[in-house]
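Reading through the C-alpha cells given below for one structure.
The values are calculated or read from the model by the stated rules, or taken from the named source; none is laboratory data. Nothing here was measured: the structure is a model prediction, and the numbers come from that model. Because the Cβ atoms are built from the backbone with ideal geometry, glycine has one as well, and the counts that use them run over all protein chains shown. Each accessible area value is taken on the protein alone, full model and side chains, heavy atoms only, with ligands, DNA and RNA left out. Shrake-Rupley method; radii C 1.70, N 1.55, O 1.52, S 1.80 Å.
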Amino acid sequence: MKTYDFIAIGGGSAGFNAARVAAGLGMTTAVVDGAKELGGLCILRGCMPSKTLLYMSEVLHLARHGKTFGLHIPSARADLAAMQKRKRRIIVDFANYREKALHAGKFDLIRAHARFADAHTLELSDGNRIRGRHILIGTGSVVATPPVPGLAVAGAWTSDEVLDLDFIPPSVIVLGGGIVACELAQFLSRIGSRVTLIQRSEQLLRDHSPEAAGAVRDALAAEGIEILTGTKPLKVSRGQRGFSVTFEHEGSRVVRRAAHLFNALGRRPNTESLSPGAAGIRTLADGRIQTNRWQQTNQPHIYAAGDCAGPVEIVHVAIQQAELAARHAAGCRGLKPVDYSLLLNVVFTDPQLATLGLTGRQLRDKGVPFLEASYPFNDHGKSILMEANHGFVRLFAEPRRGRLLGAEIVGKDAGELIHVLTGPLALGATVHDLLRAPWYHPTLAEIITYPLEEIAEKIQSDS
Ligand SMILES: Cc1cc2nc3c(=O)[nH]c(=O)nc-3n(C[C@H](O)[C@H](O)[C@H](O)COP(=O)(O)OP(=O)(O)OC[C@H]3O[C@@H](n4cnc5c(N)ncnc54)[C@H](O)[C@@H]3O)c2cc1C
C-alpha cells in the first residue's frame with residue numbers, strides 16, 4: 001500500500017489548491033477525485049456557468065431596454081441553444097485547463113471515490129488502498145432537499161438543470177431566497193419565464209441587511225418576478241400540467257402552479273459516503289466537518305476545507321483554507337488563520353450586492369462602536385447616466401481614527417466596485433487614507449467618496 005505525505009480527497013477548488021501547495025512544499029502528494037468530469041463545482045456547475053449565463057441575460061435585458069438609451073432594437077430575445085453553446089465552449093476551456101493542471105501537477109491524480117477505512121487509510125472505489133500522513137477532506141457539497149412533503153419525489157430542478165436549460169420554460173416556481181435562488185430567478189425571468197419565488201424567511205438574502213436585500217427585492221419585483229416571503233411550505237405535487245406548491249402566507253393557505261419547479265433551498269456538506277466516523281472525525285449537527293483555525297479536524301493530521309467545512313460556500317475562502325491546511329501540514333512557520341473579518345461576498349443579481357468585512361449587524365452584535373454613512377446610486381452622476389439607479393454604498397468605520405471596518409454596496413457591478421476597498425481594509429486603512437487617494441470622475445467608484453467624507457466629517461466634529 002502506497003503512503004503519501006499528503007492526500008487531498010476531492011480535486012475541486014479546495015482539494016486541487018491544497019495539493020498544489022503541498023506538492024510545492026516537497027510533500028509526496030495525491031489528489032483523489034471520483035467525478036466523471038474533473039473541474040469541481042465552481043467550474044462545472046457553479047460560479048462560472050452561472051455567471052456566464054447571467055451576463056448574457058444582462059446583455060439581453062439592456063437590449064430590451066434600448067429605448068431608454070435612445071436605441072431602436074426591434075426584437076431582442078434569448079436563443080437558449082446558442083447561449084448554451086457559448087456557455088459550454090467557455091466552461092469546457094476552463095475544465096480542460098483544470099484537468100491539465102491536475103494531470104501535470106507534481107502529485108498523483110487518482111480517479112476514484114475514497115472513504116476512510118481508518119484515520120490514516122483510504123479505501124478507493126478502484127479496489128486499492130492508500131495511506132496518508134496528512135489528509136485533507138475537500139469533498140464539497142450537494143443540493144439539500146428539506147423535508148417538505150412531496151418535494152423529494154416531485155422531480156424538481158436543481159441549479160444543475162437550470163444551468164443546462166436549452167429552452168425557455170414558460171413558468172417556474174423557485175423555492176428559496178438565497179444567493180443561487182435570486183441569481184437564477186432573475187436569469188429565468190430575463191430569458192422570458194414567468195417566475196414566482198417562494199421563500200420561508202421574512203427577507204430575501206436573509207444574511208444581508210434588510211436595506212440591501214430590500215434593494216435587490218425591489219429590482220427583481222420591478223422586472224416582474226412574484227416574490228412571496230415569510231411563507232411556510234406545506235406540500236409540493238406534480239400533475240400532468242406541471243407543479244403546484246401549497247404554502248401558508250400571511251395567515252392564508254395559498255397555492256401557486258407552474259410548468260417547472262426549481263429547488264434552490266440550499267446545499268449540504270458532501271461527507272456521508274466518506275465515512276468520517278471510521279476515522280473518528282467529528283461533524284457538526286448540519287453535517288459540516290468541524291475544524292479549528294488551522295483547518296484541522298479533531299484528528300490533528302486530518303484537515304477539511306471548502307464547502308464540506310464551511311462556514312461559507314465561497315471559492316476564494318475554500319482556496320485560502322486549503323492552502324493554509326497544506327502549509328500547516330508541511331510544518332510552515334508564521335502562518336495566520338483565515339481572517340473572516342475580511343470576508344468578501346458577492347450576489348450576482350442585477351443590481352449586484354457585495355459586502356466586505358463586518359456588517360452593521362455583526363458590529364452591533366459584537367458591541368463594537370462604529371460610525372456609518374451611505375449614499376444612493378440614484379443621486380450619483382455616473383449611475384444616473386447609465387440608468388443604474390438601484391442601490392447604495394454604505395461604509396462602516398471605527399469612530400476614533402476612522403479605520404474602515406466594513407462596506408456594503410448594492411448597485412451596478414457592485415462585485416467589481418467593492419474591490420476598491422478590499423486592499424485598504426486588509427491594510428487597516430482609515431477613511432482619511434482613502435480620501436487621500438485619487439478618484440476619477442465620472443466613475444461609479446467615486447460614489448464611495450461621499451460616505452468617506454461624511455464619516456471623516458463626523459470624526460472631526462466629534463474631536
Ligand atoms: C449555482 C452556483 C453558483 C455559485 N456561484 C459562486 C460564485 O459566484 N462565487 C463563489 O465564490 N462561489 C460560488 N458558488 C459556490 C462554489 O462553487 C463552492 O463554494 C466551491 O466550488 C466549493 O469548492 P470545494 O472544493 O469545496 O468543492 P467542489 O468544487 O465541489 O469539489 C469537491 C470535489 O470532491 C470530489 N469528491 C466528493 N466526494 C468524494 C469522495 N468521496 N472521493 C473522491 N472525490 C470526491 C467531487 O467529485 C468534486 O470534484 C456557487 C455554487 C453554485 C451551486
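So here's what we get for this one:
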| quantity | calculated |
| --- | --- |
| Count of residues meeting criterion [more than 16 Å from Arg268 (Cβ to Cβ), out of contact with any Phe, Trp or Tyr (no Cβ under 8 Å at 6 or more places or on another chain) and part of a loop (DSSP other than H, G, I, E, B)] in region 291-313 | 7 |
| Flag if Ile91 is within 16 Å of the ligand (Cβ to nearest atom) and out of contact with any Gly (no Cβ under 6 Å at 6 or more places or on another chain) | yes |
| Residue within region 102-120 that is within 15 Å of the ligand (Cβ to nearest atom) and loosely packed, with under 13 Cβ neighbours inside 10 Å present | yes |
| Residue count, region 28-42 (criterion: more than 9 Å from the ligand (Cβ to nearest atom) and either under 23 Å from the mean Cα position of the chain (by Cα) or open to solvent by 20 Å² or more (accessible area, probe 1.4 Å) (or both)) | 1 |
| Sole residue being within 16 Å of the ligand (Cβ to nearest atom) and assigned to a strand (DSSP E or B), chosen from Leu205, Leu234, Leu197, Leu184 | Leu197 |
| Some residue of region 328-343 being assigned to a helix (DSSP H, G or I), within 12 Å of the ligand (Cβ to nearest atom), closer than 19 Å to Thr291 by Cα and of a type in the set (Gly, Ala, Ser) | no |
| Flag for His390 being over 26 Å from Leu184 (Cβ atoms) and touching a residue at least 12 places away in the same chain (Cβ under 8 Å) | no |
| Single unsatisfied condition, Ala429 versus (1) open to solvent by 20 Å² or more (accessible area, probe 1.4 Å); (2) at pLDDT 95 or above; (3) more than 24 Å from the chain's Cα centre (by Cα) | (1) |
| Residue that is farthest from the ligand (Cβ to nearest atom), among those in region 125-146 that are open to solvent by 20 Å² or more (accessible area, probe 1.4 Å) and part of a strand (DSSP E or B) | Arg133 |
| Filter result (open to solvent by 20 Å² or more (accessible area, probe 1.4 Å), of a type outside the set (A, V, I, L, M, F, W, C) and either on the phi < 0 side of the Ramachandran plot or near the ligand (Cβ under 7 Å from one of its atoms) (or both)) within region 14-27 | Arg20, Gly24 |
| Condition check for Ala152: within 19 Å of the chain's Cα centre (by Cα), farther than 17 Å from Arg256 by Cα and more than 16 Å from the ligand (Cβ to nearest atom) | no |
